[in-house]
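A short write-up of the structure that comes next.
The values are calculated or read from the model by the stated rules, or taken from the named source; none is laboratory data. Only a predicted model underlies this, so the values are computations on that prediction, with no experimental measurement involved. Every residue, glycine among them, receives a Cβ derived from its backbone with ideal geometry; neighbour counts consider all protein chains shown. With ligands, DNA and RNA removed, areas are computed over all heavy atoms of the protein, side chains included. Shrake-Rupley method; radii C 1.70, N 1.55, O 1.52, S 1.80 Å.
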Amino acid sequence: MTHAAPAPGGIPRRAPAPEVQAATSPDQRRIPDVFDARTHRIGRIVIPVVLALVYGYWVAEMNRSGGPVTGWNLLLGFGSALVFAVLCIALLALAPRMIREVHALLWTAFVGCAFGFLYSQGGHSVARTVLMSLLISAATFIVFFYRYYTREDAFGRRIR
C-alpha cells in the first residue's frame, strides 16, 4: 500500500518538539495524590486492624478444625488479632526509619512469624511448620529487599 507524498506548499513543516526539562521544584515532581492527608492517617490504622481481624478469624478457624466454636477459640482469635494489629502498626511506624536491609528483615520476620503461627494451628508438626515458615520468609525477604533496594537509598530514604 502506498501513501501520497505531500505536495509542495501543502502542509507546512512542523518544528521539532522542544526538549522536556526535568522539574526542579519538589512540588512539580510529586505524583498526584487522590486522597488527602487525613484519609492516609486513617488508612494507616484501619487497614492493619481489618487485616488483623481477618487474621484472627483465620487463626480461630484453623484452631477449631471444623468443631464447635468455644470461648477459648474466640479468645485465641481476638488475642491473635490484637497482637497482629499492634505489631503491624508498630512496623508501619518504625520500619521506614531503618536502612533498607533492616527494613526488609523486619517485615520478613513479621510475615514469617505470622505465617508460622497460623500454619501451626492446622495441627502440623513443628519441623514442617518451621520449614514452611522459613520458605515463606525467604520469598518475602527477596521480594521486600528488591522493592526497598530499588526504591530507597542506602539510608532508607525514598528515591524520588
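Of note:
- Any pair with Cβ under 7 angstrom, 6 or more apart, that starts in the range 89-101 at a residue that is among the basic types (Lys, Arg) and ends at one that is open to solvent by less than 60 Å² (accessible area, probe 1.4 Å): Arg97/Gly156; Arg100/Tyr148; Arg100/Glu152; Arg100/Gly156
- Each residue in the range 68-94 was checked for being surrounded by fewer than 19 Cβ atoms within 10 Å (Cβ to Cβ) and closer than 24 Å to Gly43 by Cβ, and 11 of them qualify.
- Residue check, Thr108 closer than 22 Å to Leu53 by Cβ and crowded, with 18+ Cβ neighbours inside 10 Å: no
- Selection status of Ser133, small (Gly, Ala, Ser), surrounded by 14 or more Cβ atoms within 10 Å (Cβ to Cβ) and at pLDDT 95 or above: yes
- Among the criteria (1) open to solvent by 60 Å² or more (accessible area, probe 1.4 Å); (2) touching a residue at least 12 places away in the same chain (Cβ under 8 Å), the one Arg158 does not fulfil is (2).
- Applying the condition of being under 15 Å from the mean Cα position of the chain (by Cα) and of a type in the set (Gly, Ala, Ser) to the range 119-160 and asking which residue is farthest from Glu61 (Cα to Cα) yields Ala139.
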